[in-house]
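The values are calculated or read from the model by the stated rules, or taken from the named source; none is laboratory data. Source: prediction; values computed, not measured. Don't worry about glycine lacking a Cβ; one is built from the backbone with ideal geometry, like all the others, and counts go over all protein chains shown.
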Amino acid sequence: MVMAGPCAVESKEQMFASADAVVAAGAAMLRGGAYKPRTSPKSFQGLGPMGLQLLDEASARTGLPVVTEVLDPRDVERVAQHAAMLQVGSRNMQNFPLLREVGRQRLPVLLKRGAAATVDELLFAAEYITNEGNGNVILCERGIRSFDTATRYVLDLAVVPLLRERSDLPIVVDPSHGTGRASLVRPMALAAAAAGADGLLIEVHAEPHKALCDGMQALLPTDFAQMMVDLRRLLPMLGRRLVRPGVSGHGASANGTISDEFIAP
Ligand code: PEP
Ligand code: MN
């Protein structure tokens, strides 16, 4: 399953341009942050409730269910009204009150590995969610911090088969944050698929040079479309297939059945 869209919801025009591009190329879910965890408090923090509204409109326009980040336990119920899947970002992987709160929801939760978190810590974080009754947790590798700054993070693809040995939860790879460079996203997306990932989280922006957040790693719509073509060629060799858009609509995912689609061969 490919989930794609901009890093942040910036405006109606920007969100629609990205949403139109990713649905046309065959993405199955739409991403975009209304609440952004930024390193500097001076950076764009997201449009908040207005961003959630624009996600609703982009979802209605494309028919794609939305995955979006929630930063604050107090916002979980509000964000859940606009999302088919809740994202817990890497910075919040061990925010235990937030993990418990999303664990009380019925929506699937995309749990991103902390930039300095071990595999054990990721799996324990997932347990905080499942312990509250929400078993629909999707683990996401998004790169870890190393001594080398040649790439933004180091994308740890070995964890895909490793997590498969240690857990039944679906596994998603985010090569956008994992590399921080648009030119590296397609090769690492293909490598993640070859390693057995159930899903990919990809940042796409129609005008990356104007992006308010993470423009360096955003794919242009044409490059995203090429990545999808290559994935469609690769997956059958591995006995797998892409989940088509619309397979898991709003209703299906709201019922928490989206993880079946991840697991389907
Ligand atoms: C994101 O998905 O835009 C994001 C902020 O990711 P991460 O939490 O992995 O940095
Ligand atoms: Mn981002």
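When residues in the stretch 126-153 are screened for being within 16 Å of ligand 2 (Cβ to nearest atom) and on the phi > 0 side of the Ramachandran plot, 1 of them pass.
Just one of (1) in contact (Cβ under 8 Å) with a residue 24 or more places away in the chain; (2) small (Gly, Ala, Ser); (3) within 16 Å of ligand 1 (Cβ to nearest atom) fails for Ala206. It is (3). One residue stands out among those in the stretch 154-183 that are within 16 Å of ligand 2 (Cβ to nearest atom) and in contact with a strand residue (DSSP E or B) (Cβ under 6 Å, 6 or more places away or on another chain): the one that is farthest from Asp214 (Cα to Cα), which is Val172.
The conditions of being in a helix (DSSP H, G or I) and crowded, with 22+ Cβ neighbours inside 10 Å are not met by Leu139.
Matching residues to (1) touching a His at 6+ places or on another chain (Cβ under 9 Å); (2) modelled with pLDDT of 95 or more; (3) closer than 21 Å to Met85 by Cα:
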| site | (1), (2), (3) |
| --- | --- |
| Cys7 | yes, yes, yes |
| Val23 | no, yes, yes |
| Arg31 | no, yes, yes |
| Phe44 | no, yes, no |
| Leu47 | no, yes, yes |
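Contact annotation: residue pairs with Cβ atoms under 7 Å, 6 or more positions apart or on different chains, pairing a residue in the stretch 8-19 that is farther than 11 Å from Ala206 by Cβ and within 13 Å of ligand 2 (Cβ to nearest atom) with a partner that is modelled with pLDDT of 95 or more and among the aromatic types (Phe, Trp, Tyr), are Ala8/Phe44. The residue that is nearest to Lys210 (Cα to Cα), counting only those in the stretch 26-54 that are crowded, with 18+ Cβ neighbours inside 10 Å, away from ligand 2 (no atom under 15 Å from the Cβ) and hydrophobic (A, V, I, L, M, F, W, C), is Leu54. Of the residues Asp214, Asp198, the single one that is in contact (Cβ under 8 Å) with a residue 40 or more places away in the chain, crowded, with 19+ Cβ neighbours inside 10 Å and away from ligand 2 (no atom under 15 Å from the Cβ) is Asp198. For the stretch 10-17, the count of residues that are more than 30 Å from Asn131 (Cβ to Cβ) and of a type in the set (Ser, Thr, Tyr) is nonzero. Kindly evaluate Gly103 against the criterion of being within 15 Å of the chain's Cα centre (by Cα) and surrounded by fewer than 23 Cβ atoms within 10 Å (Cβ to Cβ). So Gly103 does not fit the description; no.
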